[in-house]
Amino acid sequence: MVSAEDLKRAADLLRNAKNVVVLTGAGVSKESGIPTFRDAQTGIWEKYNPEELATPEGFMNDPPLVWKWYEWRRKLVKDVEPNPGHYALAALEKVVANFLLVTQNVDGLHRRAGSARLVEIHGSILRHKCFERGHAQEPIEFGLEEPPRCHCGSLVRPDVVWFGESLPPADLNSAIDAAEAADVIVVIGTSGLVQPAASIPFIGKRRGARIIEVNPNATEITVIADVFLEGASGAVLPKLVEELTGAESAS
Ligand code: OAD
């Protein structure tokens with residue numbers, strides 16, 4: 001349970017901040033009904049390891065299998081809604097001078113909740129590109145059992161970063177530049193296990209940023225947190241925004 005004192009300390013840090021970066025991970029979408037990346041896989045996907053499916057090799061070994069796994073996730077995302085944590089971050093963006101939301105999530109829920117100052121550093125399962133040349137694709141209907149072909153002849157894949165692939169350089173550089181200039185970095189719902197995203201709070205800390213972490217559990221980031229708000233983001237973030245602005249955020 002988050003103490004009123006810790007909420008006030010976090011709100012005071014944000015109130016005095018000009019440059020704020022927020023880094024989110026799968027935990028912020030958990031209360032929308034989307035399993036986190038390291039939650040156990042369920043149903044028919046239980047026997048598959050995401051770290052084998054989410055790779056270029058996995059895709060080329062069995063394009064229909066990887067395509068169906070992402071289609072299952074794309075449909076899941078289409079059927080769920082942003083939760084109060086997403087809406088609180090969209091509200092926070094409006095009351096901070098310089099704000100950037102850096103998300104590792106590929107589910108598009110931050111944008112649906114109204115966040116605009118946003119970089120999706122691991123891409124988005126709502127977008128597709130061609131495997132060989134990265135050609136952008138028109139929206140693809142649900143229900144295909146195997147990947148369609150690009151006009152260039154290449155197979156089409158989700159526009160997400162797979163294990164072993166580099167992040168989109170422009171988005172990563174925006175995130176690092178913002179972290180270097182940040183007064184406060186809020187880290188929400190990430191285990192902090194995957195690089196280079198997990199370095200973002202450390203880059204800011206090294207330059208004097210104060211770190212606020214929101215998570216029901218301790219993580220690789222907790223060691224550098226100035227304020228640790230223990231709890232689910234859907235419960236904690238609306239309270240943090242209310243403490244900061246005095247107003248309730250949408251939910
Ligand atoms: P993880 O599954 O590694 O971590 C999820 C985090 O969310 C954990 O720290 C949980 O304690 C926390 N959590 C669970 N429920 C929560 C809640 N209700 N509110 C807040 N936090 C909650 O997911 P990520 O850290 O996002 O990369 O994983 C990072 C990256 O690993 C993913 O983007 C993916 C994977 O490799 C790529 O696909 C490139």
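Here, each number is a calculation from the coordinates, and none is a lab measurement. This one's a predicted model, so the numbers in the text were calculated from it and none came from an experiment. Cβ: placed from backbone, ideal geometry, glycine included. Neighbour counts: every protein chain shown.
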Along the charge dipole of the chain, which of F163, G33, A182 sits closest to the positive end, that is, farthest toward it, with unit charges on the beta carbon of Lys, Arg, Asp and Glu (+1, +1, -1, -1)? A182
What's the local net charge at S191, with K and R +1, D and E -1, over the other residues with C-beta under 9 Å away? 0
Which far-off residues, 5 or more places away or on another chain, put their amide H under 5 Å from the one on F37, with H placed in the peptide plane? A26
What is the sum of charges, Lys and Arg at +1 and Asp and Glu at -1, for the other residues whose Cβ falls under 9 Å from the Cβ of F228? -4
With bins of 5 Å, the percent of all Cα-Cα pairs of the chain per bin from 0 is 1, 6, 14, 18, 19, 16, 11, 8, 5, 2, 1, 0
Give the peptides 64-74, 82-92, 96-106 in descending order of average Cβ contacts within 10 Å, highest first. 82-92, 96-106, 64-74
Among C130, C150, L118 the positive-end extreme of the charge dipole of segment 111-151 (Cβ point charges): L118
What does the charge dipole of the chain about its Cα centre add up to, to the nearest 20 debye, if the Cβ of each Lys and Arg holds +1 and the Cβ of each Asp and Glu holds -1? 460
Members of K47/K68; K8/K205; K94/K239; K78/K239; K18/K239 lying beyond 23 Å, as alpha-carbon distances in this model show: K78/K239
Summing Lys, Arg as +1 and Asp, Glu as -1, what charge do residues with Cβ under 14 Å from the Cβ of L109 carry, L109 excluded? +1
